[in-house]
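Following: one structure in structure tokens, then a few remarks.
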Amino acid sequence: MNHRIEELESFKVLGRSFLIETKNAFVEIPKIWKQVKKDGTLAKLISELSIDKPQGVLGIAANGKWGKSEKMKYIVGTNSTKPSFEDWEVLQFSKATWVVFNVDKKAFVRKTYEYFYSQWLPSTSYQLDDLPVIESYPKDGTVEIWFAIKE
């Protein structure tokens, strides 16, 4: 799978947070995207997109302990330098190294997660860093998944 390693300085994400059962993530997350499209959240995010990386509308899997927690947060947001929106959550990401996978189609997002955890990570000298996983949906229609890693 096509990937690259990137070093990013600290950045901030603003978004709406949803608490879901980790075991149902691949069922619940598409429902969240439908909800944010319907309620205007997605339009608000698109109007606030940053040119900073990770770009686009972001889907962030947080506090799931890489599938080992019963519940996790899924945040739909965007990279931002603004203070905040209404009652939206603010996530601060520290400087980190990321492996970024380019996903051919949205249908392959799950396969990319499976590949990362079962093949790519075990075959490298890297370990997971303690930061949420980021799905990036830039304006150009591509999909990227950002995993924080450390040596």
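Since every read-out is calculated from the coordinates, none of them should be taken as a lab result. Note that the structure is predicted; figures quoted are calculated from it, not measured. Note: ideal-geometry Cβ built from the backbone for every residue, glycine included; neighbour counts use all protein chains shown.
Here are some notes:
- Principal axis box of region 79-132, alpha-carbon based, largest edge first, Å: 41, 28, 15
- Counting only aspartates and glutamates at least 8 places from Lys150 when in the same chain, those with an alpha carbon closer than 15 Å to its own are Glu6, Glu7, Glu9, Asp129, Asp130.
- Overall form of region 6-58 per C-alpha gyration tensor (a/c, 1.5; a/b vs b/c): oblate
- Exposed-site-free run, longest, the chain (rule: trypsin sites (Lys or Arg not before Pro); DSSP loop; at most 16 other C-beta within 10 Å): 1-67
- Each residue, Lys95 and Glu70, gets one label point 7 Å from its Cα in the Cβ direction; the gap between the two is 3.9 nm.
- Using just its DSSP H runs of length 4 or more, each adding -39500 (n - 2.57), the chain gives a mean residue ellipticity at 222 nm of -5500 deg cm²/dmol after division by all residues.
- Alpha-carbon gyration tensor eigenvalues x 5, square-rooted, for the chain, Å: 23, 18, 15
- Restricting region 31-134 to GluC sites (Glu not before Pro) in coil, as DSSP defines it, with at most 12 other Cβ within 10 Å: Glu70, Glu86
- Within region 133-147, backbone nitrogen closer than 14 Å to the virtual label 7 Å beyond the Cα of Leu49 toward Cβ: 136-144
- Segment Glu7-Tyr115, extension gain: residue separation times 0.36 nm, minus the distance between their alpha carbons: 36.7 nm
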